[in-house]
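Working notes for the structure below.
No lab work stands behind these numbers, since they all come straight from the coordinates. Since the structure is predicted, the reported quantities are computational estimates derived from the model, not experimental observations. Cβ placement follows ideal geometry from the backbone for every residue including glycine, while neighbour counts extend to all protein chains displayed.
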Amino acid sequence: MNKEQVQGKAEQIAGKLKAAFGKLTDNDRMLYEGKRDQFVGKVVELQGITKEAAEKQIKAIEDACCSTKAA
């Protein structure tokens, strides 16, 4: 995977996270890129869900965005 593909995947994930967790601001989403634990904490706080539920939802979004299907 080249640099552009990695950046594209990161942008896809960021967009999906914002859609899934509508209360997140762009600044909150930026935590995802560098400080995952803080990002998970912010999702827990804003969504009122458990840490485990937040991790599960984030992982599902990552998996959906990062899976590649043969054409």
Assuming Ala20 fulfils every condition listed in (1) without any contact (Cβ under 8 Å) to a residue 40 or more places away in the chain; (2) surrounded by 12 or more Cβ atoms within 10 Å (Cβ to Cβ) apart from one, which condition is it? (1)
If Lys9 satisfies all but one of (1) of a type outside the set (Ser, Thr, Tyr); (2) surrounded by 16 or more Cβ atoms within 10 Å (Cβ to Cβ); (3) in contact (Cβ under 8 Å) with a residue 12 or more places away in the chain, what's the number of the condition it fails? (2)
